[in-house]
Amino acid sequence: MTSLYVQVEAACAAAFASVLDGSDPIVRTSDHADFQANGAMGIAKSLGRNPREVAQEAAEELAANPLFSSVEVAGPGFINLEVAPEAVLKGLEAMGTSETLGIETAATPKTVVIDYSSPNVAKEMHVGHLRSTVIGDALCRLFELTGNRVIRRNHVGDWGTPFGMLIEHLLDLGEKSAVSELGMGDLDGFYRQARAKFEASDAFKERSRQRVVLLQGGDEETLRLWRVLVAESIRYFDTVYRALDVGMQEADVRGESFYNDQLDTVVSDLEAKGLIQYSGGAACVFPPGFTNRDGEPLPVIVRKSDEGYGYAATDLAAIRDRIEVLGADLMLYVVGAPQAQHFEMIFSVAKMAGWLNEPVEAVHVSFGNVLGPDRKMFKTRSGETVKLKTLLDEGIERARAALAQRGERDDIDHVANQVAMGAIKYADLATDRQRDYVFDWDRMLAFEGNTGPYLQYAHARIRSIFRRVEDGTEPGAILLNEPQERALAMALLELPEVIASTIETYSPSKLCTYLFDLAQTFTTFYEFCPVLKADEVAIRASRLSLCELTASTLRLGLSALGIEAPEQM
Ligand code: ARG
């Protein structure tokens with residue numbers, strides 16, 4: 001069944017179409033009514049008519065539609081719409097029997113390639129990678145929920161000149177102890193030691209340089225050592241993914257090196273299309289519209305003057321591969337805001353090359369910084385990158401302490417884990433992704449306010465109602481007599497539209513806001529409308545159904561964000 005919002009929008013579109021064909025009805029949910037259609041003002045303007053008259057004309061047609069119980073023109077030409085009780089009940093019934101609670105699955109599924117997490121080998125994942133991981137995973141789940149084919153891509157930074165020094169350092173340490181150091185997840189320590197030697201010793205610098213040449217030349221032993229570094233790093237990243245319970249798997253890794261043997265044809269392809277210009281020996285493409293501070297055109301450097309390839313070349317190969325080999329309809333790059341220009345330029349070049357054509361789309365899903373309590377970049381007290389695994393473990397400890405305060409339980413380990421990950425993910429997802437957010441344990445772990453634990457608790461509290469049913473009452477036919485019941489019903493029916501707009505804008509925060517509002521609407525309902533203590537069995541059954549739909553909606557919404565909903569908290 002089509003969602004209530006879609007039905008309302010279609011009715012309004014038809015009504016306004018009789019005034020002006022193809023006009024936008026501009027339907028919104030509203031505080032003054034269930035919905036408001038605001039299309040009259042725009043139509044009046046383009047027809048040179050009075051907006052109230054236009055609204056009146058459309059309203060007459062809407063009033064004849066059984067979908068509405070009340071249609072009123074207000075102000076300069078708003079149309080306030082109340083949905084008829086039968087339509088609300090029908091919507092709830094359809095929601096209750098739908099596996100996805102009425103969320104529609106794509107008629108033509110898209111292949112969506114989502115590039116996220118993408119940390120760098122032999123370097124700690126920083127909180128920026130955490131954000132990418134959390135937002136990217138939520139987007140994967142949302143696209144899957146709506147019936148699309150999702151391909152995850154972990155564009156790990158696993159190639160480049162630093163590997164010369166990293167391999168030499170590995171040899172100095174001895175392979176065994178190097179592996180055990182990396183295996184402990186001390187990626188940054190390893191990197192720093194290598195860097196320090198590189199800076200202090202000319203001999204080491206020279207060895208490193210020669211090692212890069214061997215690596216690029218495909219020397220077997222060098223490649224083997226390089227693979228050790230990559231494998232150990234990926235093993236560590238995987239512990240973070242498993243702890244976070246995200247869908248990224250080892251099989252989704254396509255590091256930068258994966259594209260090595262495609263780089264020559266990237267250049268020749270661009271060259272054949274006449275797009276390459278040489279600048280100081282480097283092969284460049286100059287996409288129009290990009291200039292530096294002095295107004296000079298900015299290049300995408302495809303091949304450096306020393307014949308080497310860099311970050312841009314790899315991303316060009318990757319986008320071509322995703323379109324031509326994976327058959328992507330949509331490509332998302334969940335990467336921090338500082339790389340905005342890089343992606344704009346890559347997308348431009350891909351279009352110039354004729355690889356990226358409508359309707360195929362590439363989108364940089366950018367995000368702001370994670371800040372410490374001091375509102376500066378989130379770092380340890382000594383100014384180092386926070387080790388993600390340690391951070392997650394700290395979250396679990398804190399969640400365990402918070403839960404212990406609420407009473408003893410056998411499953412505290414399991415639930416502490418669910419609460420901690422829920423708190424961390426939700427804090428990240430609930431703020432508009434473009435904005436910076438402050439990493440604050442106390443706030444994210446609070447059981448009050450717009451937090452993960454609050455929503456998990458709201459869900460568990462509803463589930464507990466079902467455990468307290470004593471007279472065998474089962475959820476039954478819904479009756480909407482009280483305004484709080486109706487308000488809850490309308491909130492539930494908004495889910496499909498919220499999911500659609502969350503996906504359309506790649507903004508999980510929209511879904512968060514909805515779930516938080518829903519939990520609050522439920523609280524008001526629960527205060528005014530006794531469930532188990534209602535006198536009539538029919539009312540108890542009806543309210544149990546509303547409880548059940550609310551719990552299912554919270555559970556599904558949280559799961560779309562990658563957050564578990566424990567039965568008991
Ligand atoms: N490894 C990069 C970094 O840490 C992120 C890669 C993002 N993905 C991409 N296709 N460029 O900044």
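Where a number appears in this text, it was derived from the coordinates with a stated rule and is not lab data. Treat the numbers as computed from the prediction; the structure is a model and nothing was measured. Cβ placement follows ideal geometry from the backbone for every residue including glycine, while neighbour counts extend to all protein chains displayed.
Taken over the chain, the ratio of Cα radius of gyration to 2.2 N^0.38 Å equals 1.14.
The stretch 255-306 and the stretch 218-239 have Cα centres separated by 29 Å.
Does anyone have the angle between helix 162-173 and the longest principal axis of the chain? Alpha-carbon axes, 0 to 90°, nearest 10? Taking the Cα atoms of the chain, the angle to 162-173 is about 70 degrees. Between helix 508-528 and the chain there is an angle of about 30 degrees, using the helix long axis and the longest principal axis of the Cα atoms. The long axis of helix 537-560 is offset from the longest Cα principal axis of the chain by roughly 20 degrees.
Applying both filters, DSSP loop and at most 16 other Cβ atoms within 10 Å, to the trypsin sites (Lys or Arg not before Pro) of the stretch 27-131 gives R49. Working note: Cα gyration tensor of the stretch 28-172, eigenvalues times five, square-rooted, sorted largest first, giving semi-axes of 54, 21, 13 Å.
Relative to one another, the C-alpha centroids of the stretch 94-117 and the stretch 339-389 are positioned 26 Å apart. In a DSSP loop and with at most 16 other Cβ atoms within 10 Å, the GluC sites (Glu not before Pro) in the stretch 437-487 are E448, E470. Legend: ranking of residues F378, F367 from fewest to most surrounding C-beta atoms inside 10 Å; resulting order F378, F367.
Using just its DSSP H runs of length 4 or more, each adding -39500 (n - 2.57), the chain gives a mean residue ellipticity at 222 nm of -17000 deg cm²/dmol after division by all residues.
Oblate is the label for the stretch 400-548, because a/c, from the alpha-carbon gyration tensor with a ≥ b ≥ c as root eigenvalues, is 1.5 or above and a/b does not exceed b/c. With the charge dipole of the chain set up from +1 on Lys and Arg Cβ and -1 on Asp and Glu Cβ about the Cα centre, the Cα lying farthest toward the positive end among the listed residues L493, F439, L515 is that of F439. What does the C-alpha gyration tensor say about the overall shape of the stretch 208-275? Classify as rounded when a/c is under 1.5, otherwise prolate if a/b is larger than b/c, or oblate. Oblate shape, in that a/c is at least 1.5 and b/c is the bigger or equal ratio. What the phi angles of the stretch 336-342 give under the Karplus curve with 6.51, -1.76 and 1.60, with θ = phi - 60°, is a coupling list of x, 4, x, 8, 4, 5, 3 Hz, glycine and proline written as x. Does the stretch 437-478 come out rounded, prolate or oblate by the C-alpha gyration tensor, with a ≥ b ≥ c the root eigenvalues, rounded set by a/c under 1.5 and, if not, prolate when a/b is larger than b/c and oblate if not? In terms of gyration-tensor shape, prolate.
For the set K205/K379; K387/K425; K110/K351; K205/K304; K376/K510; K123/K376, the pairs lying more than 23 angstrom apart at their alpha carbons are K205/K379; K376/K510.
The stretch 1-78 and the stretch 453-486 have Cα centres separated by 35 Å.
Restricted to Cα atoms, the stretch 230-350 shows a radius of gyration and a Dmax of 16.5, 48 angstrom. Here is the size of the stretch 8-52 from its Cα atoms: Rg then Dmax, 10.4, 29 Å.
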